[in-house]
Amino acid sequence: MSVNAFQRNEPLVSVGRAGETITFFPTYGCRNPEGGGWKVTVHGWVYRPKESSLRRAAVLSLLRRAARLDRDTIASVTLKGRLRPFLFDNKPGRRFSIELGQVIHDLPASNPHGHFQVTLDIADDSLPPQPAASPEKSLPFFVSGQGEGESSPAAEIRLIGEEGVSIISDIDDTIKISEVTNRGELFANTFIRDFRAAPKMADAYRHWANAGASFHYVSASPWQLFDPLSELLADQRFPAGSVHLRNFRFKDRSLIEFLTDTDVAKRKVAEKLLHDFPRRQFVLVGDSGERDPEMYAGLARDFSAQVRHIYIRNVTGEQRDCDRFKQAFHAVSDEKWTLFAAEAGLDAEATGL
C-alpha cells in the first residue's frame, strides 16, 4: 500500500508471516531536546484476520445482554463488519524490524493485545529530501525481513516542528455524533449506524489546517474501530493527524463501560503531547457530553503557558454560567474557553488562529 495513505487518515497495512497482518497507525515525531534529531513513535497491531465462531457467539451473547439486541440487529451487515476486528486473532510476542531513517530498527515484541509501540531516535542527516513548501516533514519507513531481499512499504510518520499551533481534538460527540450519554444510542451509533460527522466541524478544522495547525485526534474508542473512524475522517476531509485510541479485549471488561470511561486515558495522551512540544501552543476541542470541560480546564491550569484556548461543543444544552462550568473552569480565564452550540458548529474563522 502506498505510504501516502497516511495523508488520508488510513491505517497502513503490511502482510506478515503465515497470513498475519501488521497494521501501522498514524503517529508523529518531535524534536529530540537532548541530542538533536527526532524522537518518533512507531505503533502497530499484529493479528490474523480469522474469526472464531465460538468467540463470535460469546461476543454476541455479551452484547445481547448489554444492549438488548434483537434478531434483525444481530443479523445486520454493519454490526457484523464492526465486530469483525474484535474477533481477530491478536498475535502477542511477534518481533520484526523496520527500515527508518536509513537504519534498521528492531521493534519490541507485540503485547497480549497484539500491539507494539516504541519511540526511536532519528538523526537529521538520515531524513529523506523534503518538499520546500511543506510546513511539516515526513519520514517513511519499511518493514524488513519478510523474505530474502524484500522490503515492504509500511507507513510514514509526520514530523512536527518545535513551534506552532497544535489541535488536540476529541472524537466522540466532538467531530463524530456518538451520543455517549445515552448507552443505547451510543451502541447504535458505534456498531449499527453509519458514522456521522458533527455539523461544520470538518470545515473549521480545514480552516485551521490551512493556517498551519497540526492535529491529534483522541478517543475512548478501541483500535478495532479505526477503519470506520478513518473512513469518516477521510470522507469528510478532516485534516490528517496522529490518532490515539485504546486497547480493548472483551475478556477484560464490558465494551459499553469501556467506551464511556475516558478521563484517565485521554488526559494521559494530552499530557504527553504537551510535554513533547513545550514550545507549541495548544487548542483543545471537546464536548460537554462527559468530562472534556473538566479535563481540559485542568490542563489549562497545569499548562497555562501552552494551552491557548478550549472549545467545548455543547451537546447537553447547559448554560455557560451553570454550576458545572463554574466549578470546572475555576481559575481559568473566561477569555480562554468557548462554549458553542452543537448544531451551529465551530466558527474557526473567528478564532484568530
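The values are calculated or read from the model by the stated rules, or taken from the named source; none is laboratory data. As the structure is a prediction and not an experimental result, all values here were calculated from the model. Ideal geometry is used to build each Cβ from the backbone, glycine not excepted, and the neighbour counts take in all protein chains shown.
The table below lists the values:
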item	result
Those residues of the range 24-35 which are at pLDDT below 90 and under 29 Å from Tyr217 (Cβ atoms), in sequence order	Pro33, Glu34
Given (1) exposed (fewer than 15 other Cβ atoms within 10 Å of the Cβ); (2) under 21 Å from Pro239 (Cα atoms); (3) free of Cβ contacts under 8 Å to residues at least 40 places away in the same chain, index of the condition Ala341 fails	(2)
Within the range 7-23, tally of residues that are at pLDDT 55 or above and over 17 Å from the mean Cα position of the chain (by Cα)	6
Strands (runs of 3 or more DSSP E) completely within the range 95-209 that count 1 or more residues being surrounded by 15 or more Cβ atoms within 10 Å (Cβ to Cβ) and either acidic (Asp, Glu) or modelled with pLDDT under 90 (or both)	97-100, 115-122, 137-144, 151-159, 165-170
Tabulated pairs, the range 192-203, first on the phi > 0 side of the Ramachandran plot, second buried (at least 19 other Cβ atoms within 10 Å of the Cβ) and among the aromatic types (Phe, Trp, Tyr), C-beta under 8 angstrom, 6+ apart or interchain	none
Scope the range 278-306; condition in contact (Cβ under 8 Å) with a residue 60 or more places away in the chain, crowded, with 22+ Cβ neighbours inside 10 Å and out of contact with any helix residue (DSSP H, G or I) (no Cβ under 7 Å at 6 or more places or on another chain); matching residues	Val285, Asp287, Gly289, Glu290, Asp292
Matching residues in the range 210-252 - criterion: being among the aromatic types (Phe, Trp, Tyr) and surrounded by fewer than 20 Cβ atoms within 10 Å (Cβ to Cβ)	Phe248, Phe250
Residue match in the range 68-86 (condition: surrounded by 17 or more Cβ atoms within 10 Å (Cβ to Cβ), modelled with pLDDT under 90, more than 25 Å from the chain's Cα centre (by Cα) and more than 25 Å from Glu156 (Cα to Cα))	yes
